[in-house]
Each structure stands twice: as structure tokens, then as C-alpha cells.
Amino acid sequence: MRKIIIYLAVFTVLCFASSLGIDYAIGRYISNQSPYYICFASIGAEVLESRMDSWATLDQGKDDEQLNRDLMEIIHNLDLPVNPEKIQREDSGTVVALAYELDDQGMYINLTCETDQESEITNYMLTIINSDLDRDIHTYGNRLKKNRKLKWNIAFKYTGCIGESVASPEKLVKVMLQNLDAKEYDRYHEGVVFSVAGYSPLLERPAIGKGDKYNVQIASRQVKQEGKTYFYIGSPLILSEY
């Protein structure tokens, strides 16, 4: 009988220690995640991809050599692999563009440097679509800022999915908004699409719009043909299609 009591005591201690270990592991996992990922986890959605759209304008025309130098500098600042064969040149009269397109281990990159020699304006456009969730796409936004000659505008979008047609997706959108401690300012609902926009103090993102009151937008879209419900978080707003 005494041995049984001892075994039970040891078993209880081991279970308690195991529980502490699991709680610690879960806590560490959550603490290491961005508020975007935690937001999706709060509604049981799987994160599919993250996206960054960036653009900048310079009031200066560029020749081919200067444009190529700018392109290579941006690629270097982003710490991306360089493949000269991936650089494409397009010439349409006064407008010359260099485009660099790359697939790199779960990440798609499209960088374009375009100059209009007549108006003497050069535009820089970068899109990164990332399906490797171990990569923090915000890192690339920070790397862009290494080039102080350009003032980059940066927008992020995260996409998640629940593998069923949710009866009231707007309720889950509100849960996501609450998890970001965000104040709602505007909402939109038409058909299978529901969207809210507001401000979250948890996101280190500048606010835009009248009164600088938007730095996050959350949306849902039901796809009945697939039997799925997609959720999106955009900061400061969702710029690409959803």
C-alpha cells in the first residue's frame, strides 16, 4: 500500500512538472509570435501567407547605369540572393524599367525600378509574398529603410483561413479586433465580405486617413465553393485584393 502511495505521489509530481513545461512552452511560443499571428490563433484560423507592398518616388531621372545600381543596392539591403539573369529591362519610349523577379524558398519577390526621363521621376515598387511562417516579413520593411535616399511607403497584409464556411464571420472579425485592442472607426459589409478599420496601439505602425485614425483593417470573405472562410489583416490598410 505504501509503495502505491509513493508511486501516486511521484506520478502527481511528474504530471505537475509536465504541465508546467507545456504551459511554459506555449507561453514562450505565444510571446515569440507577432500580434498578427496571435490574432489568427484566437479564432482558430491557419495563417497562410504574409505580404508586403512597398513603393517610393524620387524626383530625379536615371540612366540605365544608375537604375541598375539602385536595383542592386535595394537587393543588397534586403539581403536577397542576386541572379543577374532574373533582371529584365523594358523600354517604352521615355520610360525605362528594370524588374527583378525571384522565388526564394517559399518567398516570392518582385522589385521594379522605373524611370521617366521626360518627367524626371523614378518610381520604386516592391512586393514580397511569403509563405514561410518562420520568416518575419517586417524584417524586410526595416531593411528597406537602410536606403535613406528613398522614403518608402510600406503596407502589410496577412492571410488566414478556417476550413469551413463560418456562420457569422463578422463575430470572429470582432474577436480579432479585440485581440489587437483596436478601436473600430469604420465598417463595410456587402455579400460575403465583411471589413472593419480602426486603430490598434499594439501595432507599431503609423496611422493614416483623416485624423490619422487608421493603422489596421481586418476583413473576412466566405468562399462557398471551397467551403472555407478567409480572414485578412492589413496594416495600415488592406491594399491588395481580397
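The values are calculated or read from the model by the stated rules, or taken from the named source; none is laboratory data. Note that the coordinates shown come from a computational prediction; the quantities given were computed from them, not determined experimentally. Ideal geometry is used to build each Cβ from the backbone, glycine not excepted, and the neighbour counts take in all protein chains shown.
Structure values in brief
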quantity: Condition broken by residue 158, with the remaining ones in (1) assigned to a loop (DSSP other than H, G, I, E, B); (2) more than 16 Å from residue 55 (Cα to Cα) satisfied; calculated: (1)
quantity: Selection status of residue 203, closer than 30 Å to residue 56 by Cα, modelled with pLDDT of 90 or more and of a type in the set (A, V, I, L, M); calculated: no
quantity: Residues that are polar (S, T, N, Q), assigned to a helix (DSSP H, G or I) and more than 16 Å from residue 123 (Cβ to Cβ), drawn from region 51-95; calculated: 77
quantity: Condition met for residue 127 (within 19 Å of the chain's Cα centre (by Cα), without any contact (Cβ under 8 Å) to a residue 12 or more places away in the chain and surrounded by fewer than 21 Cβ atoms within 10 Å (Cβ to Cβ)); calculated: no
quantity: One residue from 233, 208, 238 being in contact with a helix residue (DSSP H, G or I) (Cβ under 9 Å, 6 or more places away or on another chain), within 21 Å of residue 127 (Cβ to Cβ) and of a type in the set (A, V, I, L, M, F, W, C); calculated: 233
quantity: Residue that is surrounded by the fewest Cβ atoms within 10 Å (Cβ to Cβ), among those in region 60-83 that are farther than 21 Å from residue 129 by Cα and without any contact (Cβ under 8 Å) to a residue 60 or more places away in the chain; calculated: 65
quantity: Top-ranked residue of region 147-171 - restricted to ones that are of a type in the set (Lys, Arg) and surrounded by fewer than 16 Cβ atoms within 10 Å (Cβ to Cβ), ranked as farthest from the chain's Cα centre (by Cα); calculated: 149
quantity: Answer from 128, 162 - the residue that is under 22 Å from residue 37 (Cβ atoms), out of contact with any Asp or Glu (no Cβ under 7 Å at 6 or more places or on another chain) and assigned by TED's automatic domain parsing to the domain that holds residue 43; calculated: 162
quantity: Top-ranked residue of region 229-242 - restricted to ones that are surrounded by fewer than 22 Cβ atoms within 10 Å (Cβ to Cβ) and modelled with pLDDT under 95, ranked as nearest to residue 35 (Cα to Cα); calculated: 237
quantity: Test for residue 106: is it among the small types (Gly, Ala, Ser) and at positive phi; calculated: yes
quantity: Set 112, 57: member being closer than 29 Å to residue 238 by Cα, surrounded by 12 or more Cβ atoms within 10 Å (Cβ to Cβ), among the β-branched types (Val, Ile, Thr) and touching a residue at least 40 places away in the same chain (Cβ under 8 Å); calculated: 57
quantity: Residues being β-branched (Val, Ile, Thr) and touching a helix residue (DSSP H, G or I) at 6+ places or on another chain (Cβ under 7 Å) - total across region 118-148; calculated: 1
quantity: Boolean, residue 102 is surrounded by 15 or more Cβ atoms within 10 Å (Cβ to Cβ) and without any contact (Cβ under 8 Å) to a residue 24 or more places away in the chain; calculated: yes
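The rows are residues; the columns are (1) of a type outside the set (D, E, K, R); (2) surrounded by 14 or more Cβ atoms within 10 Å (Cβ to Cβ); (3) outside the structural domain of residue 110 (by TED's automatic domain parsing); (4) within 15 Å of the chain's Cα centre (by Cα).
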{"site": "135", "(1), (2), (3), (4)": "no, yes, no, yes"}
{"site": "138", "(1), (2), (3), (4)": "yes, yes, no, yes"}
{"site": "190", "(1), (2), (3), (4)": "no, no, yes, no"}
{"site": "214", "(1), (2), (3), (4)": "yes, yes, yes, no"}
